[in-house]
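*Asks:* Let me give you the structure first, and then I'll get to my questions.
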Amino acid sequence: MKTQILFDNDGVLVDTEHWYYTASAEVLASHGFILTPQRYRDIMIAGESAFLIAEEEGVPLSVTDLWRAERNELYQHYLRTEEIAIPGVREVLAELSQTYRMGIVTSALRCDFELIHARRGLVDYMEFVLCSGEYPRAKPYPDPYLLGLEKLGGQKHDTIIVEDSERGLRSAVAAGIECVIVHNRFTENHDFSAATHRIGKLDELIALL
């Protein structure tokens, strides 16, 4: 029986994946580089930066770091102005919190995460949040979820991870923890063959557990 849940954030609790890609693609396009959805998928599954396509062409890190700052500013603009809520998520978390200990393990920057969740109320149901830079290595390495497990204090067999991307799934598998994939149209063409379960919407998790 599972007693603990570790949630990814983007694409699972909020609908932000598309906007991160859009901001990255628009900034790269302004500097003459085309970031296709397929190329972005491959880069992100490997845990690399979207600006890899420019760095491969010889653009120095000192320059792409400036472009990343542009992207981050544009992404935050979208977070403030676009609808990123996923209907029903808060109600699902409220019900699950009565039975399960829960935490969030995300690749988002802490500043983005706080902007996303300002006045949203989802974090109220969590014991902790781990953001980018708060664990040794990012997904698809196991480090984020192993640290999340350590914070919950339970065992791997007591825990389940909820993800929406192949990169996150790889992290869960590497950590040795079962993983449920929730459908996200932005990541629907990822390879989820290693997932323990797949669900269409987050509310299906209640019956599954």
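*Asks:* Of the chain, which part is the longest with no GluC sites (Glu not before Pro) in a loop (DSSP not H, G, I, E, B) and with at most 16 other C-beta atoms within 10 angstrom?
*Replies:* On the way: sites that count: 48, 56, 57, 82, 83, 127, 134, 188.
Longest stretch, sites excluded: 135-187.
*Asks:* For the stretch 84-209, what relative contact order do you get, as a whole percent, if you take Cα pairs closer than 8 Å and at least 6 residues apart?
*Replies:* RCO, the stretch 84-209: 21 percent.
*Asks:* Leaving out ligands, DNA and RNA but keeping every protein chain, what accessible area does residue 77 have, in Å² rounded to the nearest 10, with a 1.4 Å probe?
*Replies:* The value for residue 77 is about 90 Å².
*Asks:* Enter the angle in degrees (range 0 to 90, nearest 10) between the Cα long axis of helix 143-152 and the first principal axis of the Cα atoms of the chain, meaning the one along which they spread out most.
*Replies:* Orientation of helix 143-152: about 30 degrees from the principal axis.
*Asks:* Just the accessible area for residue 202, please: 1.4 Å probe, Å², rounded to the nearest 10?
*Replies:* 10
*Asks:* Also, quick follow-up: Please give the net charge around residue 118, taking every other residue with its beta carbon less than 12 angstrom from that of residue 118, where Lys and Arg add +1 and Asp and Glu add -1.
*Replies:* Details: positive: 80, 119, 120; negative: 112, 114.
Summing Lys and Arg as +1 and Asp and Glu as -1 gives +1.
*Asks:* If one computes the Cα centroid of the stretch 71-87 and of the stretch 17-33, what distance in Å separates the two points?
*Replies:* Between the Cα centres of the stretch 71-87 and the stretch 17-33 lies a distance of 14 Å.
*Asks:* Same structure again: Longest span of the chain, sites excluded, free of trypsin sites (Lys or Arg not before Pro) in DSSP loop with at most 12 other C-beta atoms within 10 Å?
*Replies:* Free of exposed loop sites, the longest segment is 1-118.
*Asks:* Between beta-carbons, use under 10 Å as the cut-off and find the net charge around residue 106, counting Lys and Arg +1, Asp and Glu -1.
*Replies:* After counting each charged neighbour, the total is -2.
*Asks:* Please calculate the 1.4 Å probe accessible area of residue 191, with all protein chains present, and give it to the nearest 10 Å².
*Replies:* 80
*Asks:* Would you mind working out the accessible area per residue for the stretch 130-194, using a 1.4 Å probe, and quoting it in Å²?
*Replies:* 43
*Asks:* If I take every Cα pair under 8 Å that is 6 or more residues apart in the stretch 103-170, average their sequence separation and divide by the length, what percent do I get for the relative contact order?
*Replies:* With pairs under 8 Å counted, the relative contact order is 33 percent.
The values are calculated or read from the model by the stated rules, or taken from the named source; none is laboratory data. Note that the structure is a prediction, hence the values are computed from the model and not measured. Positions of Cβ are generated from backbone atoms using ideal geometry, with glycine treated the same way; all protein chains shown enter the neighbour counts. To get the accessible areas, we keep the full protein, side chains included, count just its heavy atoms, and leave off ligands, DNA and RNA. Shrake-Rupley method; radii C 1.70, N 1.55, O 1.52, S 1.80 Å.
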